[in-house]
Amino acid sequence: MSSREEHRISSGLAGLDEILHGGFIGERSYTVRGDSGTGKTIAGYHFLTAGVAAGETALYFAFEETANDIATNAAGLGFDLDDVVIEDMSPSATQFMDDGNYTVFGPGEVEATDIVSQISDAIERHDPDRVFIDPLTLLRHLTPDEYQFKRTAASLMSYLKERGITTLFTTQSTAEQSDEDLQYLADGSITMRRTERGRELEVEKFRGSGFHSGPHGIRIDGGRGISVFPSLVPEAHSRAFDYETLPTDIDALDGLLGGGIERGSITLISGPSGVGKSTTGTALARASARRGQKAAAYLFEESDRSFSHRSEAIGMGIKELREEGSFEVHEIEPLSISADEFAHQVRAGVEERGVDFVLLDGTAGYRLALGNPDTELRQELHALCRYLRNMGVTVALTDELSSVTGNFQASESHVSYLADSVVFIRYIEVGGEIQKAIGVLKKRFGDFESTLRAFRVADDGIHIGAALTDLRGVLTGTPTRQPD
């Protein structure tokens, strides 16, 4: 790799720099594409202010908004552009006419214009390190024809590169004209879009370097601008750990699980609504926190207030553990967060705050965050769980079944293959009374008890009774008693 290729500069977005394996390659040109309102201009704010923070001179050519409007809009998003030079190129008073001084542009390229002279004069005056052009496609309306526009745009990009300037420009397709034909102008191309999953960013071209391909979640917030959440690559993360067996603090459950669950393993807890899945998952997380580890519960289907109240009501209080920082509770609103952003939150807990145990409470809510069917649910959960396993984090995952009784199935979301251990809790009808049963379907890291046991949640916690050896057909939900 040449020294020119090694010269990296920040895009102003930490997540995008990660996707680009270190940021933009300096002294090249890049385009940000997307429909109106997708965040292209805000990406430019990040790019410019990052340059100012690095001691560089940043120059903004604004073809769509006035300088006053830009400063006001940027301030509303938390950006201070006072140290950014803004050249107001809005088309109200511009004519494509020059006085003969075409600088690096030939007369045929700027015939009947003066806009190019304004650009080159500004660059000569300010000698910028970074230039942001927003949007380049508006030049189409300031040139006599398409040929002149493309020649002018290409000459401009060559000029900026010869000056050693790193350039970011935006483009936008219209009903009449696509911007596809402009991608040759850039060394890198970034597309921003809205989808059913939420806002996304994708790098489609990046000359001279590898990059993290595919769509990545983004969020736009007042006061922070754009946050980019690179999609999770599990194999890029790992650390050494021992597969020690961790007790659950419930003797009978430990008996079913052959002593407990292993560090770095994934336990799926499945069953219908209200059967005790979340309570069992909470018990596992609480046991981890009480051992001196750090647990985090991510709630997709319950509020923090409800979760805390329920935990106290059944004798599994977590107030003190939360106060001492060993138990975190995160209420997740699935319709307002993407899978990439959620994975970023989990990563921050593991890598920045030392979380050792993760409870993901509710695959149905997780599916809402994806906005897509079960195939994508499995893909996203697979990536997240594999990452957590690689990092030695123990995981409990609850999965709701729609059927109260009937044919037995471990998971309706088809995610049981992810689990190292599968614990199921069922409603059963015995003698006209609704009861519950718990069992272990599999355990990858050792032996387990294959019996079914009575299960009950009371105000003093979880109770697991004797094996249901006198009943036959428990998994159907309507067992019969064995004859004496």
Checklist entry - Looking at this structure, is Phe61 of a type outside the set (A, V, I, L, M) and in contact with a Gly (Cβ under 9 Å, 6 or more places away or on another chain)? => result no
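Just give me the residues in the range 209-260 being under 30 Å from Phe24 (Cα atoms), of a type in the set (A, V, I, L, M, F, W, C) and in a loop (DSSP other than H, G, I, E, B), in sequence order.
Looking only at the range 209-260, we keep the residues that are under 30 Å from Phe24 (Cα atoms), and these are 209-239.
Next, from what is left, pick out any that are of a type in the set (A, V, I, L, M, F, W, C): 211, 218, 220, 226, 228-229, 232-233, 236.
Within the range 209-260, Phe211, Leu232, Val233 meet the criteria.
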Next on the checklist: Please determine whether any residue of the range 71-84 is β-branched (Val, Ile, Thr), within 22 Å of Gly217 (Cα to Cα) and in the same structural domain as Phe211 (by TED's automatic domain parsing).
Outcome noted: no
Next on the checklist: Please pick out the residue among Ser416, Ser411, Ser450 that is modelled with pLDDT under 90 and either surrounded by fewer than 16 Cβ atoms within 10 Å (Cβ to Cβ) or touching a helix residue (DSSP H, G or I) at 6+ places or on another chain (Cβ under 6 Å) (or both).
Outcome noted: Ser450
Checklist entry - Of the numbered conditions (1) of a type in the set (Asp, Glu); (2) crowded, with 18+ Cβ neighbours inside 10 Å; (3) over 22 Å from Asp35 (Cβ atoms), Asp114 satisfies every one except a single condition; which is it? => result (2)
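In this structure, is His21 touching a residue at least 40 places away in the same chain (Cβ under 8 Å), surrounded by 14 or more Cβ atoms within 10 Å (Cβ to Cβ) and within 23 Å of the chain's Cα centre (by Cα)?
Numbers: touching a residue at least 40 places away in the same chain (Cβ under 8 Å): yes; surrounded by 14 or more Cβ atoms within 10 Å (Cβ to Cβ): no; within 23 Å of the chain's Cα centre (by Cα): yes.
Answer is no for this residue.
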Checklist entry - So how many residues does the range 321-349 have that are touching a residue at least 60 places away in the same chain (Cβ under 8 Å) and assigned to a strand (DSSP E or B)? => result 0
Item to check | Residue list for the range 294-303, filter: at pLDDT below 95 and either under 24 Å from Asp254 (Cα atoms) or not hydrophobic (A, V, I, L, M, F, W, C) (or both) | outcome: Glu301, Glu302, Ser303
Checklist entry - What number of residues within the range 369-408 satisfy the criterion of being modelled with pLDDT under 70 and out of contact with any Leu (no Cβ under 7 Å at 6 or more places or on another chain)? => result 12
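Name the one entry in Val457, Val440 that is touching a Ser or Thr at 6+ places or on another chain (Cβ under 6 Å), modelled with pLDDT of 85 or more, assigned by TED's automatic domain parsing to the domain that holds Ile314 and not in a loop (DSSP other than H, G, I, E, B). Before the answer, list the steps.
Numbers: Val440 fails: touching a Ser or Thr at 6+ places or on another chain (Cβ under 6 Å).
Just a single option satisfies the conditions, and that option is Val457.
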Item to check | Exclusive hit being modelled with pLDDT of 50 or more and either within 24 Å of Ser29 (Cα to Cα) or part of a loop (DSSP other than H, G, I, E, B) (or both), set Ala112, Ala122 | outcome: Ala122
Item to check | Unique match (being of a type in the set (D, E, K, R) and surrounded by 14 or more Cβ atoms within 10 Å (Cβ to Cβ)) among Arg239, Arg151, Arg207 | outcome: Arg151
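Okay, residues lined up against (1) in contact with a His (Cβ under 6 Å, 6 or more places away or on another chain); (2) farther than 20 Å from Ile9 by Cα; (3) of a type in the set (Ser, Thr, Tyr); (4) in a helix (DSSP H, G or I):
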{"position": "Arg140", "(1), (2), (3), (4)": "no, yes, no, yes"}
{"position": "Ala154", "(1), (2), (3), (4)": "no, yes, no, yes"}
{"position": "Thr167", "(1), (2), (3), (4)": "no, no, yes, no"}
{"position": "Thr170", "(1), (2), (3), (4)": "no, no, yes, no"}
{"position": "Tyr184", "(1), (2), (3), (4)": "no, yes, yes, yes"}
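Being part of a helix (DSSP H, G or I) and of a type in the set (Lys, Arg) is the filter; apply it to the range 271-309 and report the residue that is farthest from Ala364 (Cα to Cα).
Looking at the filtered set, the residue picked out is Arg290.
Taking the range 34-88 as the region of interest, how many residues are of a type in the set (A, V, I, L, M, F, W, C) and over 16 Å from His126 (Cα atoms)? Even if it seems obvious, please write down each step before you answer.
Here is the first cut: in the range 34-88, the ones of a type in the set (A, V, I, L, M, F, W, C) are 42-43, 47-48, 50, 52-54, 58-59, 61-63, 67, 70-71, 74-75, 77, 79, 81, 84-86.
Going one step further and asking which of them are over 16 Å from His126 (Cα atoms), we end up with 42-43, 47, 50, 53-54, 63, 67, 70-71, 74-75, 77, 79.
Going through the range 34-88 one residue at a time, the tally reaches 14.
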Checklist entry - Taking the range 40-54 only, how many residues are touching a residue at least 60 places away in the same chain (Cβ under 8 Å) and polar (S, T, N, Q)? => result 1
Checklist outcome for this item: Within the range 31-72, residues part of a loop (DSSP other than H, G, I, E, B) and among the hydroxyl-bearing types (Ser, Thr, Tyr) come out as Ser36, Thr38, Thr57, Thr66
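The values are calculated or read from the model by the stated rules, or taken from the named source; none is laboratory data. What you see is a predicted model; the values in this text were computed from it and never measured. Every residue, glycine among them, receives a Cβ derived from its backbone with ideal geometry; neighbour counts consider all protein chains shown.
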